[in-house]
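Please read the structure below before turning to the comments.
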Amino acid sequence: MKLSLYQRLSLSISLVFIAIASVFYFWSEQVAEQLRYQSQQRLHLSLAASLARDNPLLQQGVYEHGALENLFHTLMVLGPAFEFYFLDPSGSILTYSADKSLVKRDKVDLAPIFSLIKEHAPLPVFGDDPRHLSRKKIFSAAPIFNGAELTGYLYVIVAGEQYDEVFNSNQLSHQLKMYLVLSAAALGFLLILMLGLFRFFTNPVRQLNQDMQAFIDSNFDSSTINLTRWHGNSSNEMHQLGCMFAQLVKQINYQLAKLTKTDQQRRELLSHISHDLRTPLASMQGYIETLALNSISLTEQKRQQFMQTVLRNSQQLNQLIDQIFELAHIEGGQVSVNQEVFNLGELLYDIVAKFSLQANERNITLKIAPPQCNVQVYCDIGKLDRVISNLIENALRHTDDGGKVTLLIKDIDQAQCQLNVIDNGSGIKKEELSYIFDARYRASNSVENGQKHNGLGLAITKQLLHLLNIDIKAESQFGKGSQFSFNLRKANTG
């Protein structure tokens, strides 16, 4: 049987209370008994001395067995709670008031007697019980002298066996009833109190458990269930835990929504890119089939033309596949950032050199402004190289022959500078400007210039700058050109 936290706590505290109550009961019994013995012994401490002093027979210090036995019997009739014994100087019992069959000892240890008479030890002091081989009793004792000679000791058991029998019979019955009544009442009250307290304290735990189970049953969709409203500013740890669970639910829902959206985007991206993949493949397949079927009838010039077309399509296909893998690699969070200090001008001139041949073939002016640039920046040089290359490639693709592409560096303040990639090409329509960094989107200007490309360069640029915590802005006028700008951190800012 599985017990809830509330039931386990209730059972545990009940068992603990019973154990504590039992220990307290036995301890209180011991304390009460010690107090009773101490009071009785203190009350009768001088009893033996008074008897020895007031009784002529004992006062003379003369030992006569018959006379003492009659005296002890008379005293015991008058005080049945007492037992009287006369001991010799070594502690041997000479005579007593009880039946011979009841006395089990022949001798009594004198050390407790000395401790009580001479040393005045703290009460209660227990001595040997002549009616039992190991039992101890409280007593009163006094030495008996015959002149200056010690003849023995008067040894009086204060709470005798008859007293114990009567006391225990009455006490057991009374204590048992009182104990049972008090125990039952205390247990009942404690259980009711503890059950109420535990229900109050464990209610947040039970509520949090119900929320978790409901959240699981809802397939982790919190919009279909009503979760408990927890108090975030409470000092109660359960309310704090509930708030953390609420934040966890919110984060899980956000992540699930993000994963769903990402999955949908990937499906759409795959659908869009599949067209770009099929186009060069279909073109390559058509030209290769033509070459295979008509290789003899085709002229060398036609064959070279077909082979060049196949080569361009294979290069385009290879570039597309590389960009798809690069974009997936970046979005998968598998890219590390290595920041370092370098000269921005040197990087720009190296990148421009890569595109100078392509720009010269189309008579496009590719320049850096200002020409003398000596700005030290703190960034990932590899990723920044890739970003600027993508932007220049995009600008050259959308710029007509004889156009101009400029890399403009602006000083913003002591902490930052701005890099702008500006062209006077075809530009982008205003309504399309906010979608150009979407890998699934193909702007209308991508087909107007008759050049085939996949459009993933700007998407990769956006993701790389996002890794560098840099925002990129795009401005454009359709038919007049575009400008892409972002800020870089200067190295002298520390």
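So the values come out like this:
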read-out: Filter result (β-branched (Val, Ile, Thr) and not in a loop (DSSP other than H, G, I, E, B)) within the range 409-431; value: Ile409, Val421, Ile422
read-out: Selection status of Ile388, open to solvent by less than 70 Å² (accessible area, probe 1.4 Å) and at pLDDT 90 or above; value: yes
read-out: Selected residue [acidic (Asp, Glu), open to solvent by less than 60 Å² (accessible area, probe 1.4 Å) and at pLDDT below 80] from Glu326, Glu331; value: Glu326
read-out: Ser101 vs. criteria open to solvent by 30 Å² or more (accessible area, probe 1.4 Å), modelled with pLDDT of 75 or more and either assigned to a loop (DSSP other than H, G, I, E, B) or within 13 Å of Ala141 (Cα to Cα) (or both); value: no
read-out: Residue that is farthest from Phe189 (Cα to Cα), among those in the range 1-15 that are assigned to a helix (DSSP H, G or I) and modelled with pLDDT under 70; value: Leu5
read-out: Filtered residue count, the range 212-238, keeping only those that are farther than 26 Å from Leu11 by Cβ, in contact (Cβ under 8 Å) with a residue 24 or more places away in the chain and part of a helix (DSSP H, G or I); value: 3
read-out: Selection count, the range 114-130, where residues are under 15 Å from Glu83 (Cβ atoms) and either part of a helix (DSSP H, G or I) or open to solvent by less than 20 Å² (accessible area, probe 1.4 Å) (or both); value: 4
read-out: Residues (within 52 Å of the chain's Cα centre (by Cα) and open to solvent by less than 60 Å² (accessible area, probe 1.4 Å)) located in the range 30-47; value: Val31, Ala32
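Okay, residues lined up against (1) at pLDDT 80 or above; (2) open to solvent by 70 Å² or more (accessible area, probe 1.4 Å):
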| residue | (1), (2) |
| --- | --- |
| Leu154 | yes, no |
| Asn168 | no, yes |
| Leu176 | no, yes |
| Leu187 | no, no |
| Leu195 | no, no |
| Arg199 | no, yes |
| Asn209 | yes, yes |
| Ala214 | yes, no |
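The values are calculated or read from the model by the stated rules, or taken from the named source; none is laboratory data. Bear in mind the structure is a predicted one, so any value in this text is a computation, not a measurement. Methodologically, a virtual Cβ is constructed for each residue, glycine included, from the backbone with ideal geometry; neighbour enumeration extends over all protein chains shown. Calculation scope for accessible area: heavy atoms of the full protein, side chains included, ligands and nucleic acids excluded. Shrake-Rupley method; radii C 1.70, N 1.55, O 1.52, S 1.80 Å.
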